[in-house]
Amino acid sequence: MLLDVGDGHTVYYEVHGSKKPEAKVAVVLHGGPGGGLQRAQLRSFNLKKWRVILFDQRGSGSSTPLYSLHKNTTWDLVSDIEKIRKAVSVERWTVFGGSWGSTLALAYASKHLDHVSALVLRGIYLGESAENDWLYREGGASHLNPEGWSQFASAASSSPRGSRKNLIGAYSRLLRSRDRQTRRKAAAAWWGWEASLSFLKPRKDTTKLKEVESLAAIENHYFSHNCWLRPGQLLAAAAKIPRSIPVHIVQGRYDLVCPPVSAFRLSKVIPHATLTMTIAGHAGSEPATAIQLRKATDSLL
C-alpha cells in the first residue's frame, strides 16, 4: 500500500501476519538508511501471534520518488512512522530496528514514547561522529580490512576535490554527479566497502543495483548531516525509557560496521535493557543473531 506522507513523498508499506484483534503489533525499521524493506525480517516473528508492518523509508524501495533527498531527514522519517501507525489503527506497538533502523527506532521513541510498547534493537548505531569516523576515516575499520579500504579510498580520487581525510564529502560530490556512470561507480564503491565488513565470514554481495544506488545516495546524505542528531541526543533520550517498556538489544560481538561499544553504552543508560552479544558480525541474518532476535520477540508474547 502507498501512503501519501506529504512533501511530495509516498511511502510504501505492507502488513503481514495475524489479523486477530489480540495479535501483538510490530513495525520493522530497515537499515541503511536507504536499504528498503526486507521480508526476510519476518522470520524474527511468530506470524501466528504477531502482526508486522514493513515499510520502505523515503527515497528507497517502492516509495516514491526513488533516491529523493528532498525533505528526507531523520525527523521526516519519524513523522512518517507516526502516519503509518495511524493508518493501520494501532495505539502502541513494538518498534524493531537493526543498524540504521536502531537509530531510527530510538529517534522515534524519543518523540513518541507513549506509542511504544517495546523495543527490539540490533547492531546499534547512535549517529555519533565517532561511529562515522570508525567506518569512513583511516584508523578504524580500515585497519581490519586494509585491501577493502584501499579500494574504497582510491575510488574517491576521481572526485575533483577527492580527499582521504573527508571521504564522505568526496563521495557526496561523486554521488551527485550529472554523469550517471560516475554516480553508479561511486555507489558501487561506497556500498562495496560496507558490504565487505557486514558478515563474520565474508561472502559475495548480491545486493541489486537499484538498492545499491539508493543505499549509497541516502546514506551519504544522512551521514553528511550527522543524521540531524546532536551529540549524545539518543543516549539522553534512551535514559528516560521507563521499566514498563521492555528493551532487547542484540549485538554481533564482531560487528565491524557498528562496533559493540555503542550497544554497551546504550545498555548502560537503560538499566532494565537486556543486552545479548552474539558470535556474529553486523548482518541480522547471521544465524546466532537471528536466533536471539526471534527469542526477543517470543519473550514479548
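A short reminder: the numbers here are calculations on the coordinates, not readings from a lab. Please read these numbers as outputs of a predicted model, since none were measured by experiment. So basically every Cβ, Gly included, is an ideal-geometry build from the backbone, and we count neighbours across all protein chains shown.
How many angstrom separate the Cα center of the stretch 223-301 from the Cα center of the stretch 92-154? Value for the Cα centre distance between the two parts: 9 Å.
For the pair GLN151 and ALA288 in one chain, pulling the backbone fully straight at 0.36 nm per residue adds 46.3 nm over the alpha carbon distance.
Our compactness index for the stretch 173-219, the C-alpha radius of gyration over the empirical 2.2 N^0.38 Å, is 1.17. For ILE124, neighbours were defined as the other residues whose beta-carbon sits under 14 Å from its Cβ, and their charges (Lys and Arg +1, Asp and Glu -1) total +1.
By the scheme Lys and Arg +1, Asp and Glu -1, what is the net charge of all other residues having a beta-carbon under 14 Å from that of GLY8? Counting the neighbours of GLY8, the net charge comes to -2. Couplings for the stretch 211-220, taken from phi via the Karplus curve 6.51 cos²θ - 1.76 cosθ + 1.60 with θ = phi - 60°, read 6, 4, 5, 5, 4, 5, 5, 7, 4, 4 Hz in order; Gly and Pro are left as x.
Pull up the DSSP beta bridges for the chain and report the antiparallel fraction as a percent, rounded to 5.
Values: 10 of 34 bridges.
Bridges in the chain that DSSP calls antiparallel: roughly 30 percent.
Starting from the stretch 77-170, pick out the trypsin sites (Lys or Arg not before Pro) whose DSSP state is loop and whose Cβ has at most 10 other Cβ atoms within 10 Å. Display every interim value, and only then the final one.
Numbers: sites: LYS83, ARG85, LYS86, ARG92, LYS111, ARG122, ARG137, ARG161, ARG164, LYS165; in loops: ARG92, ARG137, ARG161, ARG164, LYS165.
Here the trypsin sites (Lys or Arg not before Pro) that fit, given the DSSP loop and packing criteria, are ARG161, LYS165.
Overall shape of the chain was characterised from the C-alpha gyration tensor. The equivalent ellipsoid obtained from it has semi-axes of 30, 22, 17 Å, in decreasing order. Over the stretch 130-226, the reciprocal of the mean inverse Cα-Cα separation, the Kirkwood hydrodynamic radius, stands at 13.4 Å. Other residues within the sphere of radius under 15 Å centred on the Cβ of ILE291, judged by their own Cβ, net out at +3 (K and R +1, D and E -1).
Restricting attention to the stretch 130-226, the count of lysine pairs at 8 or more positions apart or across chains with alpha carbons under 26 Å apart stands at 6.
Normalise the Debye intensity by I(0) for the stretch 36-178, one equal point scatterer per Cα, no solvent, then take log10 at q = 0.11 Å⁻¹ and round to two decimals. Per q value, in the given order, log10 I(q)/I(0) is -0.56. Taking the Cα centre of each part, how many Å lie between the stretch 169-183 and the stretch 61-89? If you average the Cα positions of each part, the centres end up 25 Å apart.
Taking the C-alpha atoms only, the angle from helix 180-195 to the longest principal axis of the chain is near 60 degrees.
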